[in-house]
Every structure is written in structure tokens, then in C-alpha cells.
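The values are calculated or read from the model by the stated rules, or taken from the named source; none is laboratory data. These numbers were taken from a predicted model, which means no experiment stands behind them. Ideal geometry is used to build each Cβ from the backbone, glycine not excepted, and the neighbour counts take in all protein chains shown.
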Amino acid sequence: MASDRRAQGQPDEAAPKRAGGSGGREGAARVSPRIEGFVVHALDLVSLLGSVQARAMFGGHGLYAEGVMFGLLDDGELFLKSDTATRERFIAVGCRQWTYVNKKVRMENTSYFRPPDDAHEDPEAMLPWARLALESALRSRTVKTKKRTGGAKRGTKPGAKRGTTRARAKGRTR
């Protein structure tokens, strides 16, 4: 058990990395035992997804799998990502949306929802919600990649011929 290893002074492989990736070296940011315990619990809840990591960010933690952030931990609560394809599933069962106060002191709604209470009891109950969140995050990554590249290969201008330089395109030669 993770707490047994810590009590015996042995490192806990499942323990979350500290802020800055210092791995517990001197000068590393300290995470309170209560928060660290919740991060370990949250990682356990989503463990059936496969390899999941928690990364410290903005006073909370992000949950990552397959290279995308699909969940966040804030103030001792777990929130999972949604999108237009999954948002209604969270709303239909009364899940609370994660909000934050922006610089203009205005509440901002996000695409993250707290899963139903019964999903917080064990990994099997959390699995369907975690899958929805991971699928949302993967779809979001695909959309962002297409927007960034404009659907074309990176570094090419629309309508540009391959092998031409900007100087040649303007009629100048080398």
C-alpha cells in the first residue's frame, strides 16, 4: 500500500510528482499530505484508463493520459473534461460544473464537471465518466491541431507550390 511505503520511509512510485518536476529534491515545492493523499486517491479512481499522471498546476493538479489533460483536481475535488458530445450526460445526472473567478472578478464556466458522487467510490464506477472525459480531450486535441495547421501541412501557405521559396514566388531569383 502507498501509505505503508511512506510510513516506512520508502518512496511511493504512485505518488504524484511535485511542482517543477523536482521529484522531492531540496528546494522543491511542498504539497500538503492532505492534498497529496487526494491526488493519489484520484489517480486510483481513474487507474482503469491505463497510464495516468497528475501534474501540479495553478494550485491544483491536471490529470493526463495519452498526452492530453482530461481531468483536474481543485480544492479536494475531481472534475472531468466534457465537450458538446458529452456535456449533456454530465448535466443529465446533476453534475456540478467547475467554475473559477477570472481577472475581472467574474465567474467563468468551463468544460469540466464533477462526476456523480457514486463514481467517487471506486475505479469501476468512475471508469465510464473517465472514458467520456478522455474521449472529449482527444477530440479537443484533434480540433486544435486542425485549427493550428489549417488542415494543411505545417509551414505551407495555401496555394503555394512545393519547392518554391518566397523570393521565387515574388519573381526574384537567388
Taking the stated definitions as given, is Phe79 under 16 Å from Leu132 (Cα atoms), among the hydrophobic types (A, V, I, L, M, F, W, C) and touching an Asp or Glu at 6+ places or on another chain (Cβ under 9 Å)? no
Report whether or not Ala119 is in a helix (DSSP H, G or I) and either within 18 Å of Gly62 (Cα to Cα) or out of contact with any His (no Cβ under 9 Å at 6 or more places or on another chain) (or both). yes
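Rundown of residues vs (1) modelled with pLDDT of 95 or more; (2) touching a His at 6+ places or on another chain (Cβ under 7 Å); (3) crowded, with 16+ Cβ neighbours inside 10 Å, yes/no style:
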position	(1), (2), (3)
Gly23	no, no, no
Gly37	no, no, yes
Met57	no, no, no
Ala65	yes, no, yes
Gly76	no, no, no
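Yes/no per residue for (1) touching a Pro at 6+ places or on another chain (Cβ under 9 Å); (2) under 26 Å from Pro33 (Cβ atoms); (3) touching a residue at least 40 places away in the same chain (Cβ under 8 Å); (4) charged (D, E, K, R):
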residue: Val46; (1), (2), (3), (4): yes, yes, yes, no
residue: Gly62; (1), (2), (3), (4): no, yes, no, no
residue: Met69; (1), (2), (3), (4): no, yes, yes, no
residue: Glu88; (1), (2), (3), (4): no, no, no, yes
residue: Ala133; (1), (2), (3), (4): yes, no, yes, no
residue: Ser136; (1), (2), (3), (4): no, no, yes, no
